[in-house]
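Asker: Next up is a structure, given as structure tokens.
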Amino acid sequence: MGEVFTLLFKSKRFIMGLILFCTLLTFGLLGPAFTGIDPFKSLGGLFDAPSAQAWLGTDNLGRDVFTQLMYGTRTSLLIGLIAGTIATLLGVTIGSFAGYRGGLIDETLMGMTNIFITIPSIVILILLSVAVNIRSAPAMGLIIGVTGWPWTARAVRAQASSLRTREHIDVARITGMGTFEMIVREVLPYMFSYIFMAFILQLSSAILNEATLSMLGLGPNQTVSLGIMLQWALLWEAVRTGAWWAFLPPVFFLTVISFSLMLMNSGMDEVFNPRLRKS
Amino acid sequence: MLDNSNKRKSKRDTILDIRNLTKVFGAGKHATVAVDNVSFSVGRGEIISLLGESGSGKTTTARMLLKLMQPTSGTILFNGRDITSTQGRKEAKEYWTHVQAVFQDPFSSFNSFYSVRTFLTNAFRLLPTEPSDSEKENMIQECMRNVGLNADELLSKRPHELSGGQRQRIMIARVLLINPEILIADEPTSMIDASSRAGILNILLGLREKLGMTILFITHDIGLAYYTSDRLFIMSEGRIVEQGTADEVITNPRDEYTKRLMNDVPVLERQWEI
Amino acid sequence: MNKLLIAQNLKAYYRLVGGQEIKAVDGVSLDLRENEVLGIAGESGCGKSSLASILGLTYTPPLYVHGGEMLVGDENVFTMNKEYLRKNVRGTYISVVPQGAMNALNPTQKISSFVVDVIREHYPEISKADAIQRARERLQALGLPERVLSLYPHQLSGGMKQRVIIVISTLLNPKVLICDEPTSALDVSSQKVVIRLLMTLLREEIIRSIVFITHELPLLRHFADRIAIMYAGKLAEIGPMDQVIFDPVHPYTSALMGSMLTAEVGTKEKQVQGIPGVPPDLKNPPVGCRFSPRCQYAIDKCKTQQPNPETVGDRTTWCWITQTSEKASGIPS
């Protein structure tokens, strides 16, 4: 296992992605500690251009965009993390159980998964958000997580299904090992890299889903997130008035977060799938 | 089915009795009969081989005997007791204390994340009473010794640090820890080099000599089957086409398929005419 | 007698990431004579497949030729220019059926397109129809069904696939055919049929010699003229088939024959012995004889000096203790 990590840290793509992501993470986590500015208090006029007091200008209510960006990144990342973890856990559990057991259990679970996949997730997200009338960051994370697992479940199920035919599974079975222990001891360790990669992708898609929901007005109350910044910019016609500082920064950050995670994933793919490595 | 050995059915009592064992995969038009109404019996302490090419049904039969697969129909009697349909995990665990296996691929038979020690210690969970820690340690040391391996050197190693021959020996050590009455060896040396093969086979044969274990070899290697076994069962397309003592089947085959097999296998004594 | 190929002190290594090298073939000298079957036998890791790819000129990085010569006619193949090799040697003079070839057929294309690929690689001016016609005639002449040309690989049995590959690999009548474990994945009856085909090709002079790589020595007993035993990148002995199999000189060959289990009377009583230990690490092979760490007869000289070849009659052996000048008594043969 140790050798894998050393290889990972030699991959340029992984390192670059990791550095980018960590930079934004630090910005979001530590930034608020250094600034005294309250993102919800107005300190200037509506849509003021960037100046010395407000590095990225002000938004529709005169609040500092730069500070919002810091708090917004933190919230978005938090929601993404909660959602990503829930989605990965759900996906791995359902997928590995279906793949390992096969037969009727597999067909039932995969049938369920396929139903979820065919319905556009945005529809489910909107419906759930409206039905569950709690507007907090953790609640959002939960909702997004609970709709994000099907892709992971399918991929994990395929892996588990092929691992099931290996002989060490047979040996463990005739030693009397039960299903749960089998999956945890004999199947999951072989999928570790796969699961790790799936988590990174879930994280990325969850953050983007949060942005989408927030832009539609289903975002968390009392907090600022990257998506909520976009919602404000949309509602208050920042584009038409030329206040680029109100919507370009959050867009830029969302792009960079996504990109950095994809980069990490690409680097991991190279390491975990040696066939892709250049000889 | 040609059987030369009925008269010579030994004073050995029957430990395994297989009757009309059948396995069908798929259904309707696409149904494949992998094992077709197979019946045979094995005496306690006997060494037999299920000999056949790939697709003959020998591996499927073995998996059913190991309760890794449910038969479509038929009966398996172990020590006179019908064990075909025992489904519960407790009964299956009890069965596995009596019947164990060594598999073909020494590379994928091991979980590459665990050490040899963890692998062997895992076997203790099958025993009806769990031994104390010091007893476990003694048993592991002794079993490693019995398969010709240095415990101190190898116990902390992980599978990828060992050779194929060493891994198969550890497989056998695991079997020794459980001490079953029957061992099913599925192509135990086909992925091992010729020079390491003999050592492993001799250990397996020693299990009968020293512990009275009944051994079923599943193989396509006629030479191996002949060397190790008292009786041979030739399988083709899911059926047993011939059975008898090893000498009878090799030197005086009666079935057409067996005759062709014995004619085509390369031996040193007689050269092919080509 | 005419020698089709002469390898002198061939060395071929694998260059690994990090600078280390695996000395897969380390000083192999042998010759291939016209109208003979030369068997090269050894266990896994001995270098026989690497040797096959060098002799057949199909080697690719990280395997490279480190030293030695390979003579065709009087010219060293390794000094010929690439274009000449591609046109006149690879595929036309020497043809290779690599290990696992039958599983490498394109499953989405009929056999006939494989034929066209092979022929047009060397003779691009031949039309598709002519190429297929040539294959058809050859199949007919060898008693194989023509209809295989219009079939897909999955429609053929293992034995038939392998035979088809052999026929197509010899359409251009190469002088030398190198087969790497052509029958390992086949059942005994298919195996015999494939070998029968090879012998027919030789008898009809469609090809002029065969190099047959295998780990199954008893198989070579039936059709090889000479056998070379390979161990850890070097040859242990090379000589006529009946001498190597029934009267081996090198301790490794004796031990290897002693561990063979054949389906015949006498095997049950045989004291089957293995060889303790494992083959050496080819990144750092032992000084001296490669087999000496596992050899029960090894003397001090074996551990420090590489054995020189000694030729008695038509057999050459690389072993100190069997050399006539060092003959030790009591070595069972």
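Asker: Can you divide the C-alpha Rg of region B:58-119 by 2.2 N^0.38 Å and report the result to two decimal places?
Answerer: Working: Rg = 14.0 Å, N = 62, 2.2 N^0.38 = 10.6 Å.
Expressed relative to 2.2 N^0.38 Å, the Cα Rg reads 1.32.
Asker: Something else now. Using only the alpha-carbon atoms, how far is helix A:121-131 inclined from the longest principal axis of chain A? Give it as 0 to 90 degrees, nearest 10.
Answerer: 70 degrees
Asker: Please list the radius of gyration and Dmax for region C:190-245, considering alpha-carbon atoms only, with Å as the unit.
Answerer: Considering region C:190-245 through its Cα atoms, Rg and Dmax are 12.2, 36 Å.
Asker: Along the charge dipole of the protein assembly as shown, pointing to its positive end and built from +1/-1 on Cβ of Lys, Arg, Asp and Glu, which listed residue (C:Met160, A:Val65, B:Trp96) has its Cα farthest out?
Answerer: Selected residue: A:Val65.
Asker: Which value, in debye to the nearest 20, describes the size of the charge dipole of chain C about its Cα centre when Lys and Arg Cβ atoms bear +1, Asp and Glu Cβ atoms bear -1, and nothing else is charged?
Answerer: Values: 36 positive and 33 negative charges, 118 e Å.
The calculated dipole for chain C is roughly 560 debye.
Asker: For region B:143-274, report the % of Cα-Cα distances exceeding 24 Å. All intermediate terms of the calculation are to be shown ahead of the outcome.
Answerer: Working: 3395 of 8646 pairs.
When every Cα pair of region B:143-274 is considered, 39 percent fall beyond 24 Å.
Asker: At C:Phe246 and B:Trp272, where each label point lies 7 Å from the Cα along Cα→Cβ, what is the point-to-point distance in nanometres?
Answerer: The two pseudo-label positions are separated by 1.9 nm.
Asker: Starting from the alpha-carbon convex hull of the protein assembly as shown, give the projected area averaged over all orientations, in nm².
Answerer: Details: hull surface 192.1 nm².
Its Cα hull, projected and averaged over all orientations, spans 48.0 nm².
Asker: In terms of modelled amide H atoms, which long-range or inter-chain residues lie less than 5 Å from the amide H of B:Arg239?
Answerer: Residues meeting the amide H criterion: B:Asp36.
Asker: Highest mean first, what order results for A:222-235, C:122-135 on Cβ atoms within 10 Å? Walk me through the intermediate numbers first.
Answerer: Details: A:222-235: 22.8, C:122-135: 13.9.
Taking the mean over residues of other Cβ atoms within 10 Å, the ranking is A:222-235, C:122-135.
Asker: Also: What number does chain A give for Rg over Rh if you use C-alpha atoms and the Kirkwood radius?
Answerer: 1.06
Asker: Using only the heavy atoms of the protein chains and a 1.4 Å probe, how would C:Asp300, B:Asp221 rank by accessible area, largest first? Don't skip to the answer; put the middle values down first.
Answerer: Values: C:Asp300 130, B:Asp221 45 Å².
Largest accessible area first, the list is C:Asp300, B:Asp221.
Asker: Can you send over the solvent-accessible area of B:Val33, 1.4 Å probe, protein chains only, in Å² to the nearest 10?
Answerer: The accessible area of B:Val33 comes to roughly 80 Å².
Asker: Moving on to the next point. Do you know the relative contact order of chain A, to the nearest whole percent, from alpha carbon pairs under 8 angstrom that are 6+ apart?
Answerer: Relative contact order, chain A: 29 percent.
Asker: Mind checking B:100-112 for the average number of partner chain beta-carbons within 10 Å of each residue's beta-carbon?
Answerer: Values: counts 3, 4, 1, 5, 1, 3, 1, 3, 8, 6, 4, 10, 3.
Other-chain Cβ atoms within 10 Å of each residue's Cβ, averaged: 4.
Asker: With only Lys, Arg, Asp and Glu charged, each at its Cβ (+1 for the first two, -1 for the last two), find how big the charge dipole of region C:26-114 is about the Cα centre; round to the nearest 20 debye.
Answerer: Details: 7 positive and 9 negative charges, 108 e Å.
So the magnitude is around 520 debye.
Asker: Amide H of C:Tyr231: which non-local residues (sequence gap of 5 or more, or other chain) have their own amide H closer than 5 Å, using H built in the peptide plane?
Answerer: C:Ala236
Asker: So how much accessible surface do A and B hide from each other in total, probe 1.4 Å, in square angstrom to the nearest 100? Don't skip to the end; give the middle numbers.
Answerer: Working: alone 14410 and 14140 Å², together 26560 Å².
In total, chains A and B hide about 2000 Å² from solvent.
Asker: Got the relative contact order for region A:1-113 handy, in percent, Cα pairs under 8 Å and 6 or more residues apart?
Answerer: Numbers: 97 pairs, mean separation 20.6, N = 113.
The value is 18 percent.
Asker: Please give the solvent-accessible surface of B:Asp17 in Å², to the nearest 10, using a probe radius of 1.4 Å with every protein chain present.
Answerer: 40 Å²
Asker: What is the dipole size for region A:120-231, taken about its Cα centre, with +1 at each Lys and Arg Cβ and -1 at each Asp and Glu Cβ, in debye to the nearest 20? Walk me through the intermediate numbers first.
Answerer: On the way: 7 positive and 5 negative charges, 23 e Å.
Here the size comes out at about 120 debye.
Asker: Principal axis extents for region C:1-99, Cα atoms only, whole Å, descending order, please.
Answerer: 43, 32, 24
Asker: Give the separation of the Cα centroids, region B:77-156 to region A:1-75, in Å.
Answerer: Centre-to-centre (Cα) distance: 56 Å.
Asker: Taking θ = phi - 60°, what integer Hz values does the Karplus form 6.51 cos²θ - 1.76 cosθ + 1.60 yield along region C:13-30, in sequence order, with x for Gly and Pro?
Answerer: My calculation for region C:13-30 gives 10, 9, 8, 8, 4, x, x, 6, 10, 9, 7, 5, 10, 10, x, 9, 10, 7 Hz in order.
Asker: Considering every pair of different Cα atoms, what Kirkwood radius, in Å, is found for region A:1-100?
Answerer: Result for region A:1-100 stands at 16.6 Å.
Asker: Here's something else I'd like to know. How big is region C:46-161 by the Kirkwood estimate over distinct Cα pairs, in Å? Mind showing how you got there, number by number?
Answerer: On the way: mean 1/r = 0.0612 Å⁻¹.
Result for region C:46-161 stands at 16.3 Å.
Asker: Volume per residue, Å³, of the convex hull around the alpha-carbon atoms of region A:89-155? Show your work: numbers first, answer last.
Answerer: Details: hull volume 5.2 nm³, N = 67.
Spelled out: Cα convex hull of region A:89-155, divided by residues, is 78 Å³.
Asker: Okay, next question. Helix-derived [θ] at 222 nm for the protein assembly as shown: sum -39500 (n - 2.57) over DSSP H runs of at least 4, divide by residue count, nearest 500?
Answerer: After summing the helix terms and dividing by the residues of the protein assembly as shown, the value is -13500 deg cm²/dmol.
Asker: Can I ask one more? Counting heavy atoms of the protein chains only and a 1.4 Å probe, report the per residue accessible area for chain C as a whole number of Å². Let's see the in-between values first.
Answerer: Details: 14590 Å² over 333 residues.
Per-residue accessible area for chain C comes out at 44 Å².
Asker: How large are Rg and Dmax for region A:175-279 when only the alpha carbon atoms are used, in Å?
Answerer: 20.3, 71
Asker: Report C:Cys319's accessible area, 1.4 Å probe, all protein chains in place, as a number in Å² to the nearest 10.
Answerer: In the full protein context, C:Cys319 sits at about 10 Å².
Asker: Sticking with this structure for a sec: Highest first, please rank the peptides C:287-295, A:176-184, C:221-229 by the mean number of other Cβ atoms sitting within 10 Å of their residues. Walk me through the numbers before you get to the answer.
Answerer: On the way: C:287-295: 20.8, A:176-184: 15.3, C:221-229: 22.4.
Those peptides, ordered most packed to least, come out C:221-229, C:287-295, A:176-184.
Asker: Let me ask something else. So how do A:Phe252, B:Phe103 rank on accessible area, 1.4 Å probe, biggest first, that is with the largest at the start? If you can, show how the numbers build up before the last one.
Answerer: Details: A:Phe252 125, B:Phe103 10 Å².
Descending order: A:Phe252, B:Phe103.
Asker: Oh, and also: Quick check of the Kirkwood formula: for region A:46-122, what is the inverse mean of 1/r over all pairs of different Cα atoms, in Å? Kindly include the intermediate steps, with their values, before the conclusion.
Answerer: Details: mean 1/r = 0.0622 Å⁻¹.
One decimal place: 16.1 Å for the Kirkwood radius.
Asker: Could I ask something else about it? With the dipole of chain B worked out from charges on the C-beta (+1 for Lys and Arg, -1 for Asp and Glu) around the Cα centre, which of B:Pro159, B:Gly199, B:Leu68 lies farthest toward the positive end?
Answerer: Of B:Pro159, B:Gly199, B:Leu68, it is B:Leu68.
Asker: Using only the alpha carbons of region C:111-183, determine the length spanned along each of the three principal axes and report them from longest to shortest in whole angstroms.
Answerer: Principal-axis extents of region C:111-183 (Cα, largest first): 33, 28, 21 Å.
Asker: Express the carbon and sulfur contribution to the solvent-accessible surface of chain B as a percent, rounded to the nearest whole number, probe 1.4 angstrom. If you can, show how the numbers build up before the last one.
Answerer: Details: 5320 of 11600 Å².
Whole-percent figure for carbon plus sulfur exposure: 46.
Asker: Something else about it: If one computes P(r) from the Cα atoms of chain C, what percent of pairs lie at distances over 38 Å?
Answerer: Numbers: 10123 of 55278 pairs.
Counting every Cα pair in chain C, those more than 38 Å apart make up 18 percent.
Asker: Between C:His215 and B:Ala27, with labels modelled 7 Å along Cα→Cβ, what's the label distance in nm to one decimal, could you check?
Answerer: 4.3 nm
Asker: Send over the per residue convex hull volume for region C:207-333, Cα only, as a whole number of Å³. Provide the component values of the computation, followed by the final result.
Answerer: Numbers: hull volume 16.5 nm³, N = 127.
Spread over its residues, the Cα hull of region C:207-333 gives 130 Å³ apiece.
Asker: A further question on this structure: What residues of region C:167-198 lose no less than 30 Å² of accessible area with every protein chain in place versus their chain by itself (probe 1.4 Å, heavy atoms only)?
Answerer: C:Asp187, C:Val188, C:Ser189, C:Lys192, C:Arg196
Asker: Can you give me the long-range amide H partners of C:Gly67? Hydrogens built in the peptide plane at 1.01 Å from N, cutoff under 5 Å, separation of 5 or more residues or another chain.
Answerer: Result for C:Gly67 returns C:Lys11.
Asker: May I ask you to rank B:Val35, C:Val265 by accessible area, largest first, using a 1.4 Å probe over the protein chains only? Can you show the working numbers first?
Answerer: Numbers: B:Val35 0, C:Val265 105 Å².
So the residues, ranked largest to smallest area, are C:Val265, B:Val35.
Asker: Return, for the Cα atoms of region C:91-216, the radius of gyration and Dmax in Å, separated by a comma.
Answerer: 13.5, 42
Asker: Across bins of 10 angstrom width beginning at 0, how are the C-alpha pair distances of chain B distributed, in whole percent?
Answerer: For chain B, the binned pair fractions read 6, 28, 34, 22, 8, 1, 0 percent.
Asker: Now for a different question. Take the alpha-carbon centre of region C:170-235, take the same for region A:152-167, and report the distance between them in whole Å.
Answerer: The two parts, judged by their Cα centres, are 40 Å apart.
Asker: In nm², what is the average projected area of the convex hull enclosing the Cα atoms of region B:184-245? Kindly include the intermediate steps, with their values, before the conclusion.
Answerer: Numbers: hull surface 18.0 nm².
Mean projected area for region B:184-245: 4.5 nm², to one decimal.
Asker: Could I ask something else about it? Quick one: Cα convex hull volume of region C:222-294, Å³ per residue? Working shown, then result.
Answerer: On the way: hull volume 7.8 nm³, N = 73.
Value for region C:222-294: 107 Å³ per residue.
Asker: Of A:Ala153, A:Ala87, A:Ala49, which has the largest mean-square fluctuation in a 10 Å C-alpha GNM of chain A?
Answerer: A:Ala49
Asker: For region A:77-191, take the alpha-carbon Rg, divide it by the Kirkwood Rh, and send me Rg/Rh. Please report the intermediate quantities before stating the final value.
Answerer: Details: Rg = 16.2 Å, Rh = 15.2 Å.
For region A:77-191, the value is 1.07.
Asker: Can you pull the mean other chain C-beta count within 10 Å for peptide A:174-184? Intermediate values should be presented prior to the final figure.
Answerer: Numbers: counts 16, 11, 12, 5, 2, 1, 0, 1, 0, 0, 0.
The mean count of partner-chain Cβ atoms within 10 Å per residue comes to 4.
Asker: Between C:Gln323, C:Pro276, C:Leu261, whose Cα lies farthest towards the positive end of the dipole of region C:203-333 when Lys and Arg beta carbons carry +1 and Asp and Glu beta carbons carry -1, centred on the Cα centre?
Answerer: Value: C:Pro276.
Asker: What whole-number distance in Å separates the alpha-carbon centres of region A:105-145 and region A:200-259?
Answerer: Rounded to whole Å, the Cα centres lie 21 Å apart.
Asker: Expressed as a whole percentage, what fraction of the accessible surface of chain C belongs to carbon and sulfur atoms when a 1.4 Å probe is rolled over the protein heavy atoms? If you can, show how the numbers build up before the last one.
Answerer: Values: 7120 of 14590 Å².
Summing carbon and sulfur atoms, their accessible area is 49 percent of the total for chain C.
Asker: Other chains' Cβ within 10 Å of A:30-36 residues: what's the mean? Intermediate values should be presented prior to the final figure.
Answerer: On the way: counts 0, 0, 0, 0, 0, 0, 0.
Mean shielding by partner chains, rounded to a whole number: 0.
The values are calculated or read from the model by the stated rules, or taken from the named source; none is laboratory data. Note that the structure is a prediction, hence the values are computed from the model and not measured. All Cβ positions, even for glycine, are placed from backbone atoms using ideal geometry, and neighbour counts span all protein chains on display. Note: accessible area is taken over every heavy atom of the protein model, side chains too, but ligands, DNA and RNA are not part of it. Shrake-Rupley method; radii C 1.70, N 1.55, O 1.52, S 1.80 Å.
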